[in-house]
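Okay, so here's the structure we're looking at.
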Amino acid sequence: MDRCDINLTPIGTVRNGLKKPMPSPKKGLPDDDYYDNLEKYLKKIESLESEIIIFPKFEDGLDGIEEFSHIFILFWPHLLSEQKRSTLCVHPMGRRDISKKGVFATCSPMRPNPILLSPVILIERKKNILKVRGLDALDQSLVIDIKPYLSHYHLIEGTRCPKWIEQLRKN
């Protein structure tokens, strides 16, 4: 198959107080400080309110979005270096006590096409601005797309996850 170039057009940008990415452990195994900082960071994300500023030419695409309680935001991690985009294996959540996994088996932003997905609570819409809660995108991240969450369509029963995911959840 011939190589195909893909051009993405951002539809908006994120505005919030999240300036730094999730902390990662220092070399070696994570310590108590790492877990404390990670827990604080994740709690901050859970309650963080963000504004999604949709560029005016895409505003009509928001019609009807306010009828949904939850939406998916697809965004581009704008601070991720080209070098990190060539990473194919990572320690999940930076945890060196968990063996490396392929990036496609993780939610790591380090991947060839760093398109990230975040389900969020839609609080309100005012013209071209969406107010959401729970978005893990950094301030000024580019929004690529928005999709509504449809419980009858997106809910998958009988799923399974590897044991290392459970290990991450417990810690």
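Readers should treat all values here as calculations from the given coordinates under stated rules, not as data from a laboratory. Just so it is clear, the model here is predicted, and its values are computed rather than measured. Because the Cβ atoms are built from the backbone with ideal geometry, glycine has one as well, and the counts that use them run over all protein chains shown.
A dipole drawn for the chain from +1 and -1 charges on Cβ atoms has a positive end, and of Pro112, Phe55, Cys89 the residue lying farthest that way is Cys89. For a straight C-alpha distance cut-off of 28 angstrom, the lysines reachable from Lys84 (same-chain residues fewer than eight places away being disregarded) are Lys19, Lys20, Lys26, Lys27, Lys40, Lys43, Lys44, Lys100, Lys101, Lys147, Lys163, Lys170.
Given the choices [x] 192; [y] 157; [z] 139, volume of the Cα convex hull per residue in Å³ derived from the coordinates of this structure is entry [y]. Between helix 32-47 and the chain there is an angle of about 10 degrees, using the helix long axis and the longest principal axis of the Cα atoms. Only helices enter this figure: runs of n ≥ 4 DSSP H residues, each worth -39500 (n - 2.57), summed and divided by the residues of the chain, yield -5000 deg cm²/dmol at 222 nm to the nearest 500. Ordered by the number of other Cβ atoms lying within 10 Å of each residue's own Cβ, fewest first, Lys100, Lys40 fall into the sequence Lys40, Lys100. Annotation: amide H of His70 within the under-5 Å range of Leu122, Tyr149, sequence separation 5 or more or interchain, hydrogens built in the peptide plane. With R₀ fixed at 35 Å, the C-beta to C-beta distance from Gln167 to Leu8 puts the FRET efficiency at about 0.55.
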